[in-house]
Each structure stands twice: as structure tokens, then as C-alpha cells.
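What follows is a set of notes on a single structure, which appears directly below.
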Amino acid sequence: MFLFIVLSALVLCGCAQYSSDQCNWRGSGLTHESHSRDVEQVYLRCAEGSLEWLYPTGAVIVNLRPNLPSAEGHLSACVKPRPDSRGATLYVERAGELRLLLTEEDQAAGRVRCFSLQEGALFVEASARRDISRRITAFQYQLISTQTPGDQIYSNTAACRPCADHELLMAICTSDFAVRGSIQHVEEDDDDEDQVSVVLSLSHVYRQKSRVFMSGGGGRGRGRWTGRVKMLRRCGPRAGQGEFLFTGAVRFGEAWLGCAPLYKDFVRLYRAALDAGTNPCHIDTD
């Protein structure tokens with residue numbers, strides 16, 4: 001549902017604030033408590049960072065302006081609230097029109113929500129309460145490329161769809177992780193009923209951006225590895241479906257599944273591309 005407000009009814013703060021490193025912002029509603037309808041403009045220019053708003057009053061408009069002007073139209077922002085975040089509701093704002101992104105209840109549940117930068121700015125509106133003590137609105141943000149196969153999990157229309165051949169070949173080169181193995185079991189996600197955690201048993205780790213998969217020995221990427229990835233429940237993961245090549249993105253320290261073909265199908269595709277000289281990068285398929 002889209003809500004409409006007239007921002008002119010609020011008093012825009014004339015002094016835009018920049019964080020010292022342009023990635024993170026920390027402010028307090030006490031600075032304009034007597035003007036509880038003030039709207040403060042914040043500009044952040046990093047691919048990831050955080051916001052912490054103590055004693056929220058009025059509203060904060062968070063303008064995410066990465067130093068990548070040519071790619072901005074293909075970027076989305078994902079927001080992950082801190083577990084103790086409360087006191088404000090998050091919207092996406094464009095030309096005075098608001099779309100609800102995260103309620104206070106969503107924040108308490110730790111739900112991650114994303115929006116396209118083309119949709120507008122992040123509008124953080126304080127809840128109407130007389131007692132603002134012990135209330136802090138806090139979240140992390142990350143910018144992601146919606147053109148990257150590993151980030152398809154964030155698109156409801158793209159999630160669970162099979163990846164095209166060119167996407168599979170690029171995923172092994174550009175994803176935050178690429179690993180080979182099988183699904184050991186599937187666990188319920190306590191934070192979000194729409195998601196599950198898939199526990200993987202791995203024989204080879206080709207690449208990983210951070211240590212989301214742990215080795216049990218073997219060396220040189222081989223041996224026994226374990227880890228877990230998140231995905232949507234409706235994608236229907238099950239144990240014992242065969243050996244896969246798992247690729248995806250690491251967001252807020254968690255691995256999210258992107259393209260995941262059967263390994264034998266990927267090897268067939270990769271070797272055909274290798275023979276044709278169209279493979280975008282090289283991996284060891286022995």
C-alpha cells in the first residue's frame with residue numbers, strides 16, 4: 001500500500017549532516033526535541049554502513065548516494081535492523097509518496113528488506129510517543145547490484161528461477177562464494193517464516209568472500225567443509241537431491257543462495273564454454 005504525505009507540513013532542517021566517514025550516521029532526536037516535526041537530511045556515500053538514531057523525534061531522510069553514478073540505476077539497498085531497534089517506522093520516499101518498508105514489529109523480528117535506489121530515499125519516521133527515553137532506531141545497510149546472479153534471492157520475481165547459462169558461468173567468477181557439495185539438512189528460520197537455513201556438506205570451496213564455510217581439514221580447498229546458506233522456503237530445498245555447485249552473495253555476514261545447478265550439468269556447460277573459448281574465468285573441475 002502506498003501512503004501519501006505532504007512533506008511541506010514538516011519543517012526541513014536546513015543543515016544537512018554528513019557522517020565523518022560518509023558511511024555511518026549517528027544522531028539524536030534531542031537536538032530538535034522542541035521541533036518534533038523536523039526532518040533531517042542525511043547523505044551517505046558508501047556501499048555499506050549503519051545508522052543509529054537515539055531518542056527519535058520527527059524524521060530522517062537517508063539519501064544513499066554511492067560514488068558509482070553509472071551503476072546507480074542498477075543498485076538496490078538492503079536494510080537489516082538491529083534487534084533492539086525501536087521508536088520509528090521505515091519507508092521508501094519519493095516526491096512525498098511513502099511506501100512502507102519496515103514496521104517496528106518487523107525490526108524487532110530482524111527482518112531484512114530491500115528497495116531499488118530508483119524508488120527514492122529511505123524515510124525514517126519517529127513514532128508518535130511522549131516518552132522517547134530508551135528508544136534507539138538502528139540498522140545496517142548494504143548496496144547490492146541487481147544484475148548479479150548471486151543477488152537474485154532479493155528479488156521476489158527472480159527468486160527460485162533457474163539461472164541462464166551465461167549467468168551460471170558468470171556466477172562462478174563473480175559471486176561472493178562458489179562451493180561444491182550437497183544439502184545435508186534444512187532448518188527452520190526463527191527470524192523469518194518465509195526463509196530457511198540450508199546446511200551444506202562440501203567437498204570443495206572454490207571461493208568465498210568471508211569465512212562463512214569452515215574447513216574440517218584437507219587443504220587447498222579440498223576436504224570436508226560445512227556451512228549454511230539462506231534461501232526462500234518456497235524454493236523447496238531438500239536433502240539428498242544430488243551434488244550441486246552453490247553460488248551466491250554474502251549479506252550482513254550471512255550467505256544467501258543464488259545460482260545452484262547440479263554439478264554435473266555445470267561441468268558439461270563449463271567444458272563446452274572452455275572448448276569454445278567463451279568461459280569468463282577458469283576453475284578446477286577435476
Taking region 41-54 as the region of interest, how many residues are open to solvent by less than 10 Å² (accessible area, probe 1.4 Å) and closer than 16 Å to Thr89 by Cα?
2
Only one residue in Ile183, Ile132 is touching a Gly at 6+ places or on another chain (Cβ under 9 Å), modelled with pLDDT under 90 and β-branched (Val, Ile, Thr). Which one?
Ile132
Show me the strands (runs of 3 or more DSSP E) entirely contained within region 222-286 in which 3 or more residues are at pLDDT 85 or above and among the aliphatic types (A, V, I, L, M).
244-251
Of Leu232, Leu245, the only residue that is of a type outside the set (Lys, Arg), within 16 Å of Val196 (Cα to Cα), under 22 Å from the mean Cα position of the chain (by Cα) and buried (at least 16 other Cβ atoms within 10 Å of the Cβ) is Leu232
Residues that are surrounded by fewer than 19 Cβ atoms within 10 Å (Cβ to Cβ) and either under 23 Å from Asp189 (Cα atoms) or at pLDDT 90 or above (or both), drawn from region 141-155
Ser155
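The values are calculated or read from the model by the stated rules, or taken from the named source; none is laboratory data. What you are looking at is a predicted structure, and each value in this text was computed from that prediction instead of being measured. So basically every Cβ, Gly included, is an ideal-geometry build from the backbone, and we count neighbours across all protein chains shown. In case anyone asks, the SASA skips ligands and DNA or RNA and just uses the protein heavy atoms, side chains included. Shrake-Rupley method; radii C 1.70, N 1.55, O 1.52, S 1.80 Å.
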